Amino acid sequence: MRFPRGRRRLAIAVAALLATAAVVVIVHRVLAPAEVSTVARADYPAPARPAAGVIGRLPVAPLIVDGRLRVYAAHRQVYADRPVDGRYRTSPYWSYRRWPAELTGVVASGSTVVSRWSDGRLVALDARTGGVLWRADGPKPVESTAPVRRTWAATVWDAPGLQLTDLPDGRTVLVVTGDAQARGVELSGGRELWRVELPGRCRSDVGTTASGQLIGLDTCAGAATVEFRDAATGEVRERWRPPGGPDGFVVTPLGCRIGRSDCLGLRTAGPGDEGGRGWLLSAGEPVAAPALDPAGAALVGEQSVAVLDGVVVGRSARTGTELWRSAALGAPRVLAGQPGRVHLLTEANELVTLDPVTGRQLSRFVLNVGSDGTGWAPGAVTAEDGFVAIERLRKPVDPTGDDRRYYYTGETVILAAT
């Protein structure tokens with residue numbers, strides 16, 4: 001049976017219209033902004049207290065959250081697994097994805113995990129369930145020229161432009177910075193407390209203090225100046241330069257709780273400085289702390305720990321008084337610190353943990369898992385809740401090499417309990 005010509009044309013037009021509509025629907029579903037939240041289906045795990053030693057190896061860097069979970073980053077996803085002391089990465093306990101934005105940073109405090117995305121969006125998740133607690137807009141992150149390595153260590157251990165700090169009244173503030181703006185957001189509910197304009201890339205973040213301030217380094221007017229901005233109001237309370245210091249210097253935070261957050265001190269170093277000058281942070285101007293001057297010195301609570309002529313020396317950071325020394329570790333390097341622990345790495349890649357107050361050895365073991373061996377160089381490291389996680393790099397270290405050349409193995413992150 002043949003249709004009249006007019007009806008045939010109408011049928012063709014209708015079919016073409018339906019096909020176009022179907023394509024539009026498919027494209028919309030694929031390309032439209034979206035988020036997928038897969039919440040936990042099991043009970044929140046109890047805190048783990050494993051015996052000291054190597055736990056296992058992981059392909060990506062874990063952020064230890066609440067002493068119970070490991071949280072990881074991916075291109076467009078933040079997810080968690082359990083148990084925190086599991087030998088390998090396991091199926092996600094919960095997962096959160098966004099499209100088409102890319103994940104740029106993750107920080108955590110207590111059971112709140114905050115993710116930052118390339119469009120400036122902030123999404124806070126409940127670590128206990130993976131459910132969304134709040135969403136807020138923030139300044140778009142600064143575009144980085146550094147490659148994003150496959151472990152995502154920089155994203156979870158040193159999230160750029162994303163820091164936490166505790167106010168004297170007990171509130172925790174998330175400070176978010178971009179190229180030209182900074183915002184303070186209350187962690188408990190996502191309420192914006194303040195926003196200020198920034199001068200651009202001539203000003204950079206250093207970190208936050210344990211007393212509720214954002215530290216920045218301002219070189220916009222010529223001579224470098226450290227600024228201390230109140231995290232409750234966004235106002236600059238103090239502008240400071242090291243007495244007698246050079247016009248140009250770099251600033252490194254010391255004694256931070258995690259990443260660059262809640263720091264207790266800093267080191268300034270200019271041209272010609274062998275190590276730099278150490279400072280303790282207080283309510284007013286930084287206080288000189290010569291015990292923190294040596295390059296590689298760590299600040300753990302009120303104590304400085306440094307390796308001097310191959311000997312590990314613990315001193316009071318405030319008075320410089322020597323508290324203890326240990327010459328029995330060869331020529332180690334100070335790796336990291338956390339409350340009540342300072343971690344050192346020996347030439348044989350043994351992890352040695354000492355009490356920073358007394359120098360008493362808390363644990364010592366070789367950082368080897370399976371048949372991997374110890375012929376690696378340490379990369380990025382984090383220490384939290386009694387755990388230490390370290391990237392293992394292939395020797396000689398080639399910072400410009402691709403990931404296969406750069407990392408020691410496929411599961412390159414080694415996790416240990418101390």
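In a DSSP loop and with at most 12 other Cβ atoms within 10 Å, the GluC sites (Glu not before Pro) in region 327-418 are E347.
Charge tally around G270: other residues with Cβ under 10 Å, Lys/Arg +1 each, Asp/Glu -1 each, net -1. Across region 94-135, Cα pairs under 8 Å and at least six residues apart give a relative contact order of 30 percent.
Sequentially through region 209-217, phi angles give Karplus couplings (6.51, -1.76, 1.60; θ = phi - 60°) of 8, 6, 9, x, 9, 9, 9, x, 10 Hz, Gly and Pro residues having no value and appearing as x.
Which of S37, W117, A136 sits closest to the plus end of the dipole of region 35-158, meaning its Cα is farthest towards the positive end, when Lys and Arg get +1 and Asp and Glu get -1 on the C-beta? Value: S37. Taking every C-alpha pair closer than 8 Å and separated by at least 6 residues, the mean separation divided by the residue count of region 161-288 gives a relative contact order of 18 percent.
Hey, what angle do you get for helix 5-31 against the long axis of the chain, alpha-carbon based, 0 to 90 degrees rounded to 10? Orientation of helix 5-31: about 10 degrees from the principal axis.
Counting only Cβ charges, +1 for Lys and Arg and -1 for Asp and Glu, the dipole size of region 161-288 around its Cα centre is about 120 debye.
Counting only helical runs of four or more DSSP H residues, what would the 222 nm mean residue ellipticity of the chain come to if each run contributes -39,500 (n - 2.57) and the total is spread over all its residues? It lands at -2500 deg cm²/dmol. Simple point charges give the picture: +1 on the Cβ of Lys and Arg, -1 on the Cβ of Asp and Glu, and for region 263-418 a dipole about the Cα centre of about 200 debye. Computed from backbone phi with θ = phi - 60° and the Karplus coefficients 6.51, -1.76 and 1.60, the 3J(HN,Hα) list for region 308-325 is 10, 6, x, 10, 7, 10, x, 9, 5, 5, 7, 10, x, 5, 6, 9, 6, 8 Hz; x is used for glycine and proline. Think of region 161-288 as a dipole: +1 on every Lys or Arg Cβ, -1 on every Asp or Glu Cβ, centred on the Cα centre; then among F228, Q181, G161, G161 lies furthest on the positive end. Highest-first packing order for the peptide set 282-292, 369-379 is 282-292, 369-379, based on the mean count of other beta carbon atoms within 10 Å.
Distant-in-sequence amide contacts of A336, defined by a placed amide H-H separation under 5 Å and a gap of 5 or more residues or a different chain, comprise H343. Here the 3J(HN,Hα) profile of region 326-343, calculated from phi with Karplus coefficients 6.51, -1.76 and 1.60 at θ = phi - 60°, is 9, 10, 9, 10, x, 10, x, 10, 6, 9, 6, x, 8, x, x, 8, 10, 10 Hz, Gly and Pro shown as x.
Near the amide H of L323, within less than 5 Å, lie the amide hydrogens of G314, R315, S316, all on another chain or at least 5 residues away, with H placed in the peptide plane.
For region 224-299, the set of GluC sites (Glu not before Pro) satisfying both a DSSP loop assignment and a count of at most 15 other C-beta atoms within 10 Å is given as E235, E274. Think of region 336-418 as having a plus end and a minus end, set by charges on the Cβ of Lys, Arg, Asp and Glu; of A383, V342, L415, V342 sits farthest toward the positive end of this dipole.
Report, in debye and to the nearest 20, how large the dipole of the chain comes out about its Cα centre when Lys and Arg carry +1 and Asp and Glu carry -1 on their Cβ. Display every interim value, and only then the final one.
Working: 50 positive and 43 negative charges, 487 e Å.
With only Lys, Arg, Asp and Glu charged at Cβ, the dipole is about 2340 debye.
Please give the FRET efficiency for R191 paired with R49, using the beta carbon to beta carbon distance and R0 = 45 Å, rounded to the nearest 0.05.
0.80
Near V206, the amide H atoms lying under 5 Å from its own belong to I215, G216, L217; only residues 5 or more places off or on other chains count, and H is placed 1.01 Å from N.
Over the chain, what is the mean sequence separation of C-alpha contacts under 8 Å (at least six apart), divided by residue count, expressed as relative contact order in percent? Provide the component values of the computation, followed by the final result.
Details: 1007 pairs, mean separation 45.2, N = 418.
Once divided by the residue count of the chain, the mean separation gives 11 percent.
If a spin label sat at a point 7 angstrom from the Cα of D119 along the line to its beta carbon, the backbone N atoms of region 130-151 nearer than 15 Å would be those of 135-141.
Placing a label point 7 Å from the Cα of V36 along the Cα-to-Cβ line, the residues of region 89-104 whose backbone N sits under 19 Å from it are 90-104.
Remark: the A328-R241 segment gains 27.4 nm on full extension, using 0.36 nm per residue and subtracting the alpha carbon distance. Across region 161-288, the volume of the C-alpha convex hull divided among the residues equals 97 Å³ per residue.
Say a site is exposed when it is one of the trypsin sites (Lys or Arg not before Pro), sits in a DSSP loop, and has at most 11 other Cβ atoms within 10 Å; what is then the longest site-free stretch of the chain?
202-359
Taking only the C-alpha atoms of the chain, Rg followed by Dmax gives 24.9, 104 Å.
Mind checking the full-extension length gain between D169 and R87? Use 0.36 nm per residue of separation minus the Cα-Cα distance, one decimal, nm. It would help to have the intermediate numbers written out before the result.
Working: separation 82, 0.36 × 82 = 29.52 nm, distance 3.96 nm.
Roughly 25.6 nm would be gained on extension.
Please give the FRET efficiency for N368 paired with R318, using the beta carbon to beta carbon distance and R0 = 30 Å, rounded to the nearest 0.05. Don't jump to the answer; show the numbers that get you there.
On the way: r = 38 Å, r/R0 = 1.28.
FRET efficiency, N368 to R318: 0.20.
At full extension, T409 and A146 could sit 92.5 nm farther apart than now, given 0.36 nm per residue minus the alpha carbon distance.
Laboratory data are not the source of any read-out in this text; all were calculated from the coordinates shown. All values reported here derive from a predicted model rather than from experimental measurement. Glycine also receives a Cβ, built like all others from the backbone with ideal geometry; neighbour counts cover every protein chain displayed.
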